[in-house]
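Comments concern the structure below.
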Amino acid sequence: MPRVRFIVIFLALLGALEFLLLIDVVDSYAVQPFTRQIANVAGLIIGAMEPGVRINGTIISSPCFAVDIKNGCNGLEATFFVLAAVIAFPAVWRDRIIGIIIGAVLIQFANMARVVTLFLIGCHRREWFETFHLAVWQTVIFALAVGFFIFWSRRSAPKKNAAPA
């Protein structure tokens, strides 16, 4: 029964969090500003390696390439996966909060690496861009989210004879 409880809570939370991404007000006042900050930071990193980088909202451009960071490329879905899984898991709240923070930071650092490397691939190996964008990096980010949850849940599982949170 605990597994069923986990799955139901996880799916409900994940569905609710994903639904938030569809609401215009949330997109305008939370998602877009967050995504613009990703573009700003990624643009600064890329600018250290590529001349002429410009940032305009969620678009990073240079003479060699341009990319527009959209929903699905800002790491929020993988972060929501970790958030829902950690909250649904029967661990003490202190461990859950630590797991959420570490998981979100880990996903966002990986996503930053994704944005930067995809831009550089687009500049220097454009023929590789779609493969890395649609297959490689999406798989890596999702595997990181799942792998983090597995690692965290094994360390945070209630000990035998301990009351669940």
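The values are calculated or read from the model by the stated rules, or taken from the named source; none is laboratory data. Being a predicted model, the structure only gives us computed values, none of them experimental. Note that each Cβ is placed from the backbone with ideal geometry, even for glycine, and that neighbours are counted across all protein chains shown.
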Could you pull out the residue among Glu77, Glu18, Glu50 that is more than 18 Å from Trp137 (Cα to Cα), charged (D, E, K, R) and within 20 Å of the chain's Cα centre (by Cα)? Glu18
If the Cβ limit is 6 Å and pairs must be 6+ apart or interchain, which residue in segment 59-87 that is under 30 Å from Ala12 (Cα atoms) pairs with which residue that is at pLDDT below 95? Asn71/Leu21
Can you say whether Arg114 is farther than 23 Å from Gly15 by Cβ, in contact with a helix residue (DSSP H, G or I) (Cβ under 6 Å, 6 or more places away or on another chain), of a type in the set (Lys, Arg) and in a helix (DSSP H, G or I), as far as the supplied structure shows? yes
Out of Ala84, Ala39, Ala30, which single residue is outside any loop (DSSP other than H, G, I, E, B) and within 23 Å of Gly147 (Cβ to Cβ)? Ala84
Restricting attention to segment 43-50, does a residue exist that is in contact with a Leu (Cβ under 8 Å, 6 or more places away or on another chain), over 23 Å from Leu144 (Cβ atoms) and outside any strand (DSSP E or B)? yes
Selection from segment 65-101 of residues that are more than 28 Å from Phe129 (Cβ to Cβ) and loosely packed, with under 15 Cβ neighbours inside 10 Å: Val92, Trp93, Arg94, Ile97, Ile101
Tell me, which residue of segment 13-22 that is part of a helix (DSSP H, G or I) and touching a residue at least 40 places away in the same chain (Cβ under 8 Å) is farthest from Gly72 (Cα to Cα)? Leu13
For segment 36-57, how many residues are touching a Gly at 6+ places or on another chain (Cβ under 9 Å), over 19 Å from Gly72 (Cα atoms) and touching a residue at least 60 places away in the same chain (Cβ under 8 Å)? 0
Among the candidates Trp152, Trp137, residue that is under 30 Å from Ser28 (Cβ atoms) and either out of contact with any His (no Cβ under 9 Å at 6 or more places or on another chain) or in a strand (DSSP E or B) (or both): Trp137
Counting only residues that are aromatic (Phe, Trp, Tyr) and either farther than 23 Å from Val82 by Cβ or in contact with a Pro (Cβ under 6 Å, 6 or more places away or on another chain) (or both), segment 104-160 contains a total of 3
